[in-house]
Structure formats: C-alpha cells, structure tokens
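Only one structure is covered here, and it is reproduced in the block below.
The values are calculated or read from the model by the stated rules, or taken from the named source; none is laboratory data. Source: prediction; values computed, not measured. Here the Cβ positions follow ideal geometry from the backbone for every residue, glycine too, while neighbour counts run over all protein chains shown.
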Amino acid sequence: MYHASKSNPLRPFLLLTRQLHLHVMAPGARRFLAFLFLNVLSWQCLIGTVMVLHARALGISRGAVGLLFSLLYFAGCLGVVTKPLAERFGSKRVLMAGWTARNLLVLPIILTPVLFHYGGRGPAAVLLFATISLFCITRSMAGIAWSSWLHEIVPPFQLGRFYTLETVMTRLLTVVFGLIAFVVLGRHPPLWRFAAIAAAGVVFGLFSLRLLQRVPGGLPVAGNRSGRVRGGYRLVFRDGMFMGFLICSTLFGVIYTGLALLVTLTLRDQLGTGAGTILLLTSCGNVLAMFTTPRWQRIADRHGSPVVMAANGLLIVLCLGVLGGLRAGHAPLPLLVLACALIPIAESGNYMAVSRGFMLRMKPRARHAYNAVWSALNQIFYGASAVFLGFWLQAGTPSHFRGAAWGYALLMLAAIWIALHLPVPRWDSPGEPSLVYNPAHPFRSLGHMLRYVLRPARSVTHLPPAG
C-alpha cells in the first residue's frame, strides 16, 4: 500500500484523492461515478477532438466539420420530445434504452476505412455523418433523464463535490487517452486507426450499461398528468432566477464550444500539427485541472457559481488572445503550451460551476421540465456556434482564424460582466465573507481567485474545504 510520504512520487495524487472525500458521497452517486468512468472512455473514443480529426482525415471540409460538430448540440432540443416518457417510465429506463441504442447505432462507424477504400470520400463521409447523427439523436433523446436522475440521488450539499469528482476523473481519463492516441495515431495516421479507436469506444459504452443498471432511483414521476406536464414548463419560464442563470451559462457555453473547435483546427490547419500531437497537447493540460477543480469547488460553495464562471472566463480571454496572435505555420511553443494548459483548467471549473448552479436552481417537482428547457436552449446555441465557426474558417486564411479568436474574446468579456451581475440565491452561496471575493471590487477579486486556484502555495487566501 502506498503512503503519502514526501518521497512517494504518487503523493500529489494520494493527497488529491484524500481531499475529494469519495467515501462520504451517497451510495447512488458513487455508483453513477463508476458508470461515468466507462462512459467517459467511450466518449473520448467517439466524439470531440478525435471526431474532428477523423473527419478531416477523410477530406471533409471545415464547414462540413462545423456542421458535424454542431449535430451533437442541435440534437439536444429533442429532450422536449422525451420529457413525457421520462416522467411516465422513469429516468432509469429511458437512459438505459437511449444509451443502448446510441452504442449500437454508432457501431457502423468502424467501416469508414472500407467505404473510403472502395467508394472514395463521399460514401465514407456519408457514413460518418449518419452514424454520428444517430449517436447524437439517441443520446439527446435519453439525455433528459441524466440530470433528473442525478438530481434525485445526489444531495444538494454534495453537488459541488460530485461534479468535482466527475471532472477530476474525466480529466485523468483524457490525459490517458491523449497519451495512447499520441502513440496510436502519430502524425499522419491511416483511417483504420481511427476506426479501431471508435470500436474501442463502442465496447466501453456497452460495458458501461452493466454499471448503469446498478444505480438506484430513476423511477417514474408519481401522479403524472398532462396538465402537470404543461404546468412544469410554465413554472420553469416564470422562474427568473433559473432563466437568468440559463441565459448567462448559455453564453459561456457558446464560447467554450467554439473554442474547442477553433483550437483543433488552428493546430491542424494553421500550424500543421499532427493528429497524435494535437490530442497530446489538448489532453495534458488536464493534469493541472485535476488539482485546480477542487479549489474552484470551494470558491463556488462559498460565493456561488457565477463568480467562478467569471474567473474562468478571464483565463479563456487570455487563451483566445494567444490564439489571436499566432501566425500561420509558426507559433512560440511556450505560449502554445500555456494556452493548452489553461483551457482545461477553465473548462473544468466552468463545467463544475455551471452544473452545480443549474442543479441548485432546479425545483424537484418539475425536474424533467427544467432539464428539457435547459438542454434545448443550451444545445441550440452551442450548435449555432459550431456551424458559424466552421463556415467562418472555411476560407482558411490566417485573418479568419485570428478574427474568430478575438471575436470570442470580446464575447467572453461580455459574459463575464453578466455573470458578475447575476443574483445569487442563498442556497447557492451561504453569503459568508472571505478574502477571495468582494462584490465592491469584482475584477480585483477575480484576480485573487485566480491566484488562489493557480498559485495556492503563495496565496494569502485560505479557504476551508467545502462541506
């Protein structure tokens, strides 16, 4: 057994595990995290950066890649359709059925090298679009049950810790996947290697269903009536606290969605970086995110989610400034590494804060309606961001890439201003003062927060662990 001695190379990870207090989580939450372990592996192999690189390896244009990337988000509005099913049959049955279907329907993606060999780019591209579309549709139709189920099994005071644990696990797996993909893909990988990674993703997804079966809860809504369904939507749209947070978080999400696509295409098409190196660069920053996310959680539990979203937004503005200053074919390596390191830190903190804030503002008696509205509005605008960026970068000129970076940076500054002026309910923040945040000096306080998160050893601010 390893001990957290100073000579132990695993000491930082052991200390991190101890600080996260996994053992105090509710049993249902721990079982859901076990399911998430395999689900994240499946996602890494099928969607995201590897999907963009797979599409570009087939010769699909940047505009079409933007459309493909947007399918993941546009399909999110389908949760409105399956909301009555989740209320009638329960979150567990809907999620099990949807996750089974999505893994089976995406399976033919492994045949893209065969179609490319015999039929050329056209049939292979059609197969990629068809399988990813079916994956996104089934995922989104069942996804409404995801947050509703978590809202049922995770106590409110443990939401911050749950999403911190999820983020740390996700970032760790992203690093592992990036290292493996770097070896497997190399600089100019043949198509069969993308197909092999996708096949592994399907296998992980099917095995994750065994773990999902063991999660408790997810039962039908008691006393479900059609009037209750309509009343649920009315309750959501009249909830000013929730709708304000939804609009603000959607604006942040639009920028993060565009940034994910912009970074991948900049590295590949402007700087000529190989596929394996791209996955390595974009994943290794996740090591730092594993250690910073618990600190973001402590700030969120003390001062609410919006201020954490704003502080992470400042990091993204810095990264977008770096991308906006790059020249085609050349980039200072230290700046590139810095941007790729800071982006996961900001993404992780933002995901934890947004997820926590959303769940705390959701009313249990209409949780399915809250999820449907949240998913529909978020995903439509995220998809629009991906489509716009894909066609904007279609010209491929350096000025278009720089313009996209500076445009998103200005939009992020607006999002930060909105977040700092959002009302924070008492159940999101106990209102206890600390040296981290002072509403009278918001931007100075954001600097204190970043110092606490990024340089804790030299920070004069000390926050106790979240409860």
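Quick test of your reading of the structure: Phe157 fulfils all but one of (1) aromatic (Phe, Trp, Tyr); (2) within 22 Å of Ile110 (Cβ to Cβ); (3) modelled with pLDDT under 85. Name the failing condition by number.
Phe157 satisfies every listed condition except (2).
Give the residues of the range 91-132 that are closer than 30 Å to Val221 by Cβ and not hydrophobic (A, V, I, L, M, F, W, C), sorted by residue number.
Selection gives Ser91, Lys92, Arg93, Gly98, Thr100, Arg102, Asn103.
In the range 393-450, what count of residues is obtained for those that are of a type in the set (Phe, Trp, Tyr), over 30 Å from Val65 (Cα atoms) and touching a helix residue (DSSP H, G or I) at 6+ places or on another chain (Cβ under 6 Å)? Explain how you work it out, then say what you get.
Pass one, the range 393-450, residues of a type in the set (Phe, Trp, Tyr): 401, 406, 408, 417, 427, 437, 443.
Filter once more, keeping what is over 30 Å from Val65 (Cα atoms): 417, 427, 437, 443.
From what's left, touching a helix residue (DSSP H, G or I) at 6+ places or on another chain (Cβ under 6 Å): 427, 437.
Residues meeting the conditions: 2.
Take the conditions farther than 18 Å from Phe237 by Cβ, in a helix (DSSP H, G or I) and β-branched (Val, Ile, Thr) and apply them to Ile380. Does it pass? Reasoning before the result, please.
Working: farther than 18 Å from Phe237 by Cβ: no; in a helix (DSSP H, G or I): yes; β-branched (Val, Ile, Thr): yes.
Taking the combined requirement at face value, the residue does not satisfy it.
So Gly223 passes all but one of these: (1) out of contact with any Phe, Trp or Tyr (no Cβ under 9 Å at 6 or more places or on another chain); (2) modelled with pLDDT of 90 or more. Which condition number does it fail?
The one condition Gly223 does not meet is (2).
Among the residues in the range 323-333, are any over 30 Å from Met243 (Cα atoms), touching a helix residue (DSSP H, G or I) at 6+ places or on another chain (Cβ under 7 Å) and part of a helix (DSSP H, G or I)?
Checked the range 323-333: at least one residue is over 30 Å from Met243 (Cα atoms), touching a helix residue (DSSP H, G or I) at 6+ places or on another chain (Cβ under 7 Å) and part of a helix (DSSP H, G or I).
Among the residues of the range 162-212, write down those that are touching a Lys or Arg at 6+ places or on another chain (Cβ under 6 Å) and under 24 Å from Leu342 (Cα atoms).
Once the filter is applied, which keeps residues that are touching a Lys or Arg at 6+ places or on another chain (Cβ under 6 Å) and under 24 Å from Leu342 (Cα atoms), the range 162-212 yields only Tyr163.
Go through the range 81-107 and report how many residues are out of contact with any Ser or Thr (no Cβ under 8 Å at 6 or more places or on another chain) and of a type in the set (Phe, Trp, Tyr).
1
Would you be able to say whether some residue in the range 182-194 is part of a helix (DSSP H, G or I), surrounded by 21 or more Cβ atoms within 10 Å (Cβ to Cβ) and modelled with pLDDT under 90?
The answer is yes; a qualifying residue exists.
One residue is enough: does the range 16-28 have a residue meeting the conditions modelled with pLDDT under 75, on the phi < 0 side of the Ramachandran plot and surrounded by 19 or more Cβ atoms within 10 Å (Cβ to Cβ)? Write out each step before concluding.
First, the residues of the range 16-28 that are modelled with pLDDT under 75: 16-24.
Of the ones still in play, those that are also on the phi < 0 side of the Ramachandran plot are 16-20, 22-24.
Add one more test, that the residue is surrounded by 19 or more Cβ atoms within 10 Å (Cβ to Cβ), and what stays is 20.
Scanning the range 16-28, I find at least one residue that is modelled with pLDDT under 75, on the phi < 0 side of the Ramachandran plot and surrounded by 19 or more Cβ atoms within 10 Å (Cβ to Cβ), so the answer is yes.
Write out, first by first residue and then by second, each pair whose Cβ atoms fall under 7 Å of each other, whose residues are 6+ apart or on separate chains, and whose first residue, in the range 420-443, is farther than 15 Å from Ala310 by Cβ and of a type in the set (A, V, I, L, M, F, W, C) while the second is at pLDDT below 75 and surrounded by 11 or more Cβ atoms within 10 Å (Cβ to Cβ).
As it stands, the answer is Leu435/Thr461, since those pairs meet every condition given.
This table checks each residue for (1) crowded, with 20+ Cβ neighbours inside 10 Å; (2) modelled with pLDDT under 70; (3) in a helix (DSSP H, G or I).
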residue	(1), (2), (3)
Trp417	no, no, yes
Val424	no, no, no
Glu432	no, yes, no
Tyr437	yes, no, no
